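Have a look at the structure below, then the notes.
Just so it is clear, none of the values below were taken in a lab; they were calculated from the coordinates. The structure presented is a predicted model; accordingly, all values stated were derived computationally and were not measured. Backbone-built Cβ (ideal geometry, glycine too); neighbour counts: all protein chains shown.
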Amino acid sequence: MMLINTKLTYAEVGATREAVLPSGYKHVRRDVDIGAGSETFDRAATAMLHWRMHRAAGIDVTVSGPATPGQPVLLRFGVAAPVQVVYRVDQPDRQGFAYGTLPGHPERGEEAFLVHLTGSGRVRFRITAFSRPATLLARLGGPVTGLIQAYVTNRYVSALRDLSGR
């Protein structure tokens, strides 16, 4: 794996854990039902934590092992997008992680993925993100950049539904 500069490009590290996301960024919040039961939860969590969701969504992922805090990852979806895992959630009914942008990523910000097994046995998948352009090309992309982000978010949801067996 290529070496990545692991200095995050934004100050609000871990802010995707908060109810209120930082100002000055575009926000994304998706919370969808992807099935029911502990087996679905386990399949979804494993697929997400081992980067299979990203790959199934069409993202090329260069990484060693499951999502682990401090881990550098190179994502490619047309352009290289280096990130670093900033935290992981590891609870019996909640599994997930977030990554933040590194130098060379076209955006600045953080994206979190969380699978939750509710008390009623439903499996929910939540994506929370905040970002803003980091490069001239991303700034010039304007509305197109937002459309690409929405497209990729939809692909994550579809991929995790498929991988969890729904």
task: Would you mind getting me the FRET efficiency between residue 149 and residue 50? Use the beta-carbon distance for r and R0 = 25 Å, nearest 0.05.
output: 0.60
- prompt: Which value results for Rg/Rh of the chain when Rg is the Cα radius of gyration and Rh the Kirkwood radius based on the inverse mean 1/r?
  reply: 0.95
message: Test of the criteria: in region 1-102, which trypsin sites (Lys or Arg not before Pro) are in a DSSP loop and have at most 12 other Cβ atoms within 10 angstrom of their Cβ?
response: 7
- line: Per the 1/(1 + (r/R0)^6) rule, R0 = 25 Å and r from the Cβ atoms of residue 39 and residue 68, FRET efficiency to 0.05 is 0.55
